[in-house]
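Reviewing the structure listed below.
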Amino acid sequence: MKKNSAVITLLVTVLLLGLLSYTAVYGIGTAKEGAARNIKQGLDLAGGVSITYQVVGEEEPSEDDMKDTIYKLQRRVEGYSTEAQVYQEGSNRINIEIPGVSDANAILNELGQPGSLYFMSSDGAEVLNGSDIADARAGTQQDRMGNSEYVVQLRLKEEGATKFSVATALAAPNHDIIYIIYDGMIVSAPSVQAPINDGTAVITGMPSFEEAEKLASTIRIGGLKLELEELRSNVVGAQLGSEAIRTSLTAGAIGMALVVVFMIIVYLVPGFAASLALGIYVGLMVILLNAFDITLTLPGIAGIILSIGMAVDANVIIFARIREELATGKTVQSSIKIGFQKALSAIIDGNVTTLLAALVLGIKGSGSVRGFAQTLALGIVVSMVTALFVTRMVLRALFTLGLQDAKFYGVGKERKTWNFLSKKAVFFAVSLLVIAAGGVCMGLNRSATGDVLNYSLEFKGGTSTNIVFNDDMSIEELDAQVVPVIEGITGDGNVQAQKVSGSTEVIIKTRTLTVTEREELNEALSTQFGVETEKITAETISSTISSEMRGDAIIAVLIATVCMLLYIWLRFRDIRFAASAVVALLHDVLVVLAFYAAAKVSVGSTFIACMLTIVGYSINATIVIFDRIRENLGQAGKKADLAEVANRSITQTLSRSLFTSLTTFFMVGALFAVGVTSIREFALPLMAGILCGTYSSICLAGALWYVMRTKIVKKAARS
């Protein structure tokens with residue numbers, strides 16, 4: 001690179017960083033506000049619309065009918081936001097909460113009164129109803145002219161397919177219309193072109209993808225077994241409150257500052273280049289979150305934290321490789337080039353593996369799982385671009401401009417190979433003991449409370465208390481004065497307080513309160529805040545994470561795990577690498593579960609995001625070591641001492657394992673240090689997971705591979 005090009009590169013990088021920062025904070029062009037202020041936020045961060053429906057004509061609907069209705073409504077409102085919540089209130093009411101919305105009437109008009117959907121032929125005969133539909137999705141296909149058109153793709157259940165076959169056979173000769181009627185209104189009137197006998201149909205003529213998706217979502221939930229009517233609708237405030245948002249932003253700034261300082265102190269010139277790249281990464285993430293209309297919640301923040309950790313990790317891997325090359329006597333310029341080349345496979349494998357998991361979770365998951373997957377996938381792509389291209393260009397520019405002495409880059413020192421495998425029996429025993437201790441804690445918890453973990457209201461349901469205060473209290477006042485009182489009564493930090501816009505009413509959601517606790521709460525509100533008892537009402541609410549949503553999450557994680565296993569198998573050409581990685585991953589999940597049980601940390605909506613973060617972190621750390629083992633095996637040849645190769649590979653990647661964990665720990669530790677109770681309960685298990693992931697990658701992953709390689713004689717590898 002010539003000096004003029006180097007100057008231009010640095011100038012463009014600084015200008016880009018400044019432009020991204022300005023756009024994120026203040027906006028540019030026609031935007032009146034910065035992208036950061038326009039990012040959609042979930043119920044936990046920003047609040048939204050709360051709509052309550054009541055079952056018509058049935059005081060005590062069956063539990064199965066209520067669950068079916070809730071699940072179908074959940075799937076529909078995800079069209080508005082992946083973070084929307086649907087849950088049961090009392091015995092015959094359903095609450096829908098949609099974040100980032102301030103006009104309840106607009107939502108009600110779009111959502112409609114969830115009623116019955118049916119198909120009717122032109123002669124007035126009912127063909128089938130919504131319960132006969134298995135699925136409806138918006139899509140595209142090519143018309144007869146080869147042009148792309150928007151369509152709705154229908155898939156019918158077995159009984160519905162039979163009825164539809166008969167109806168379309170009668171309608172096809174004259175291309176008669178079959179009307180689709182929802183809430184007494186015709187929502188679509190497609191004509192039948194041919195008999196449909198395979199249980200699948202396509203509705204054409206959609207003017208846009210949005211219209212196709214709207215019709216598809218209407219059909220998807222049309223088979224509700226219960227008829228509902230609107231009872232009330234409110235605009236509600238954030239569940240976590242302004243203090244939680246403020247402290248989270250403060251923690252993020254502190255964490256990033258610590259990462260930048262650490263990178264510059266440890267890696268000198270490369271650390272400075274990485275810091276510029278990280279700054280660009282943050283700016284791009286803020287703008288892209290806004291551009292893609294991704295709803296940001298605490299689980300989403302977890303995805304961003306993980307992607308920041310992976311962005312730092314990529315730089316650490318590269319810089320470690322550069323130092324190794326310098327240690328062999330190569331020039332700085334040559335070391336930079338070779339360092340990036342040798343680090344590429346580990347970076348790609350680690351990021352692609354995690355990206356595979358994110359894509360599966362985004363497609364198969366729902367709610368907070370999908371929100372986590374979206375931010376993680378976006379973060380991975382942006383972090384790879386900034387680490388592999390921005391850092392490289394800046395580093396080459398700094399070298400060209402005179403920073404060419406090896407002392408500015410740090411020369412690696414030859415470490416004595418540590419015999420990690422000699423302690424493998426101790427490591428295995430410690431891990432088994434910790435997991436067993438977790439099982440004991442779960443048993444003790446069950447005997448004491450009936451549950452193995454401290455499930456919060458998102459998983460178990462709870463009590464929703466509506467309080468009409470005498471005076472309008474701000475969010476800050478509620479956080480500072482009311483919430484601590486409730487936490488003292490419940491002994492639980494998972495308290496959600498929401499203001500109802502335009503009134504002095506506040507909705508408090510807690511774990512299920514006993515009669516004694518309700519009385520104690522009423523007394524505290526009366527004596528400390530002057531609230532009249534008759535202005536306090538309480539209802540039992542169901543979990544916001546339904547059994548179907550939990551099932552979706554489990555299936556998504558299982559599929560993601562299989563995809564990761566297959567990818568590692570194909571890339572490393574030995575299934576024992578893949579099997580070892582999955583066992584190490586399972587170990588981390590079980591240890592963190594043990595931590596949840598022992599520390600009695602509240603298991604709420606962030607629990608799923610926490611576990612998914614740990615899965616991504618664990619698999620990435622393990623792949624870095626396996627990549628080095630693969631490289632050293634290739635250099636050693638067929639007569640390689642497997643124990644020596646494993647020990648040397650772990651030793652060579654030790655600084656990467658420790659430094660990446662430390663920088664990620666900075667981010668999460670800052671959340672724990674300055675966050676409110678709910679944020680701390682989110683950060684604490686993440687910290688435990690980071691420590692556990694570091695331990696498993698250093699102490700277990702290589703040892704597991706060695707045991708499988710030496711004990712399993714039959715090789716299951718691709719030649």
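Out of these labelled values of P(r) over Cα pairs in 10 Å bins from 0, in percent, (i) 3, 15, 26, 27, 20, 8, 1, 0; (ii) 3, 12, 19, 17, 14, 11, 9, 6, 3, 2, 1, 1, 1, 0, 0, 0; (iii) 3, 13, 21, 22, 19, 14, 7, 2, 0, which was calculated from the coordinates shown here? For P(r) over Cα pairs in 10 Å bins from 0, in percent, the calculated option is (iii). Amide H neighbours of residue 135 under 5 Å, counting only residues 5+ apart in sequence or on other chains, H built in-plane at 1.01 Å? It is 155, by chain and number.
Mind giving me the FRET efficiency for residue 642 and residue 165? R0 is 56 Å, r the Cβ-Cβ distance, nearest 0.05 is fine.
Approximately 0.35, to the nearest 0.05.
As a fraction of the 1.4 Å probe accessible area of segment 399-516, surface on carbon and sulfur atoms comes out at 60 percent.
Remark: relative contact order (the chain) = 17 percent; criterion is Cα-Cα distance under 8 angstrom and separation of 6 or more residues. Accessible surface for the chain, divided over its residues, is 43 Å² per residue with a 1.4 Å probe. Within straight-line reach of residue 499, meaning a Cα separation under 28 Å, sit the following lysines at least 8 residues removed in sequence or on another chain: 32, 40, 67, 72, 460, 509, 535. Basic side chains Lys and Arg get +1 at the Cβ, acidic Asp and Glu get -1 at the Cβ, and with that the dipole of segment 443-516 about its Cα centre reaches some 460 debye. Protection proxy ranking for 149-162, 84-97, using the average of other Cβ atoms within 10 Å per residue and placing the highest first: 84-97, 149-162. Ranking 430, 361, 389 by how far each Cα lies toward the positive end of the dipole of segment 356-439 (charges on Cβ) leaves 430 at the top. State log₁₀ I(q)/I(0) for segment 584-687 at q = 0.11, 0.14, 0.19 Å⁻¹ as given by the Debye formula over alpha-carbon point scatterers of equal weight, solvent excluded. The Cα Debye sum returns log10 ratios of -0.45, -0.65, -0.96.
Considering only protein heavy atoms and a 1.4 Å probe, what is the carbon-and-sulfur percentage of the accessible area of segment 125-172? The computed percentage sits at 46.
Within straight-line reach of residue 711, meaning a Cα separation under 17 Å, sit the following aspartates and glutamates at least 8 residues removed in sequence or on another chain: 574, 641, 644.
Each stretch of four or more DSSP H residues adds -39500 (n - 2.57); spread over every residue of the chain, this sum gives -19500 deg cm²/dmol at 222 nm. Dipole of the chain computed with +1 at Lys/Arg Cβ and -1 at Asp/Glu Cβ about the Cα centre; of 522, 309, 187, farthest Cα towards the positive end is 309. Nonpolar atom fraction for segment 555-630, defined as the carbon and sulfur part of the 1.4 Å probe accessible area, stands at 80 percent. Net charge around residue 466, counting only other residues with Cβ within less than 12 Å of its Cβ (Lys, Arg = +1; Asp, Glu = -1)? Charge balance in the 12 Å sphere: 0.
The dipole here belongs to the chain: it is taken about the Cα centre, uses +1 on the Cβ of Lys and Arg and -1 on the Cβ of Asp and Glu, and is about 5660 debye. Close amide H pairs (under 5 Å, H built 1.01 Å from N) link residue 188 with 180, residues at least 5 positions away or on another chain.
The values are calculated or read from the model by the stated rules, or taken from the named source; none is laboratory data. The structure displayed is predicted, hence computed values, not measured ones. All Cβ positions, even for glycine, are placed from backbone atoms using ideal geometry, and neighbour counts span all protein chains on display. Surface areas here come from the heavy atoms of the whole protein model, side chains and all, with no ligands, DNA or RNA. Shrake-Rupley method; radii C 1.70, N 1.55, O 1.52, S 1.80 Å.
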